[in-house]
Amino acid sequence: DATSSTPQPMPKSAVINALGFGFENKVVVRFSEKFWNKRKGGNTSHWQSCDQRFRFLNLDAMGKPGTLVVHVGPPFSVEYKDRNGKQFSDRQVVLEVCKTLQEMFALDKIPVPVDSYVTHWAQDELIQGSYSFQKVHSGSDMCDSLAVPEWGGRLCFAGEACCQTRVQCVDGALVTGRNAADNIATLLT
């Protein structure tokens with residue numbers, strides 16, 4: 001019997017518990033003046049920083065004037081705390097970002113944004129994180145197991161965690177969302 005030799009997907013709860021869930025946050029800052037164009041590399045779309053908390057995406061190079069998106073990695077991104085455990089306010093987080101920009105671009109003073117926004121994925125009670133990752137003893141096959149529809153195809157799963165080739169990416173969520181929609185459409189025909 002060929003069906004008995006076909007590997008069966010793991011139960012969803014086992015897959016979810018085996019995969020990790022991370023806390024990358026973002027800080028969006030918009031400045032009235034592009035201070036970074038005057039420096040080498042100021043027109044590129046991505047900047048790395050010596051400050052390991054931050055990586056920069058230059059949206060100005062993509063048509064959003066004066067705007068930077070700062071990717072904030074763990075452990076700082078989880079709760080925005082300093083080394084002593086003191087909680088940072090959004091304003092303090094933005095200040096930390098701006099101090100790093102001052103150092104990166106050798107500015108005389110700390111740049112002051114005209115607008116800013118700080119995400120808090122770990123504190124959102126409905127979301128509680130921002131991306132999946134493979135913990136030790138988990139594997140890419142778990143993405144496939146998570147994506148398998150249940151209840152005769154009537155319950156579909158989608159999201160970046162369900163996409164083995166584009167895990168942690170928006171396009172992975174888009175691809176799996178389309179696949180789930182196709183599965184549902186097939187049931188309706």
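Of all residues in the range 113-130, how many are in contact with a Ser or Thr (Cβ under 9 Å, 6 or more places away or on another chain), in a loop (DSSP other than H, G, I, E, B) and among the hydrophobic types (A, V, I, L, M, F, W, C)?
Of the residues in the range 113-130, 1 are in contact with a Ser or Thr (Cβ under 9 Å, 6 or more places away or on another chain), in a loop (DSSP other than H, G, I, E, B) and among the hydrophobic types (A, V, I, L, M, F, W, C).
Name the residues in the range 70-120 that are closer than 23 Å to G22 by Cβ, of a type in the set (D, E, K, R) and touching a residue at least 24 places away in the same chain (Cβ under 8 Å), would you?
E79, D90, E96
Just to be sure, is L146 of a type in the set (A, V, I, L, M) and touching a Pro at 6+ places or on another chain (Cβ under 7 Å)?
Against the criterion (of a type in the set (A, V, I, L, M) and touching a Pro at 6+ places or on another chain (Cβ under 7 Å)), L146 does not qualify.
Residues of the range 63-85 being under 15 Å from S130 (Cα atoms) and not in a loop (DSSP other than H, G, I, E, B), which ones?
Correct list: V70, H71, V72, F76, S77, V78, E79.
In the range 15-33, how many are modelled with pLDDT of 85 or more, part of a loop (DSSP other than H, G, I, E, B) and crowded, with 16+ Cβ neighbours inside 10 Å?
Selection size over the range 15-33: 2.
Among (1) within 21 Å of the chain's Cα centre (by Cα); (2) charged (D, E, K, R); (3) part of a loop (DSSP other than H, G, I, E, B); (4) over 29 Å from C162 (Cα atoms), which single condition is D60 missing?
The single condition D60 does not satisfy is (3).
Please enumerate the residues belonging to the range 140-164 that are of a type outside the set (A, V, I, L, M), open to solvent by 50 Å² or more (accessible area, probe 1.4 Å) and in contact with a Ser or Thr (Cβ under 9 Å, 6 or more places away or on another chain).
F157, Q164, listed by residue number.
Under the condition of being open to solvent by 80 Å² or more (accessible area, probe 1.4 Å) and of a type in the set (A, V, I, L, M, F, W, C), which residue from the range 165-188 is modelled with the highest pLDDT?
L174
Does the range 89-101 contain at least one residue that is assigned to a loop (DSSP other than H, G, I, E, B), at negative phi and surrounded by 13 or more Cβ atoms within 10 Å (Cβ to Cβ)?
No, every residue in the range 89-101 fails to be assigned to a loop (DSSP other than H, G, I, E, B), at negative phi and surrounded by 13 or more Cβ atoms within 10 Å (Cβ to Cβ).
Do we find a residue being at pLDDT 85 or above and more than 29 Å from H71 (Cα to Cα) anywhere in the range 132-148?
Within the range 132-148, one or more residues are at pLDDT 85 or above and more than 29 Å from H71 (Cα to Cα).
Can you tell me which of K38, K12, K86 is among the basic types (K, R), at pLDDT below 95 and under 30 Å from S138 (Cβ atoms)? Lay out the reasoning, then the answer.
Details: K38 fails: under 30 Å from S138 (Cβ atoms); K86 fails: under 30 Å from S138 (Cβ atoms).
After applying the criteria, what remains is K12.
The values are calculated or read from the model by the stated rules, or taken from the named source; none is laboratory data. Nothing here was measured: the structure is a model prediction, and the numbers come from that model. Glycine also receives a Cβ, built like all others from the backbone with ideal geometry; neighbour counts cover every protein chain displayed. Calculation scope for accessible area: heavy atoms of the full protein, side chains included, ligands and nucleic acids excluded. Shrake-Rupley method; radii C 1.70, N 1.55, O 1.52, S 1.80 Å.
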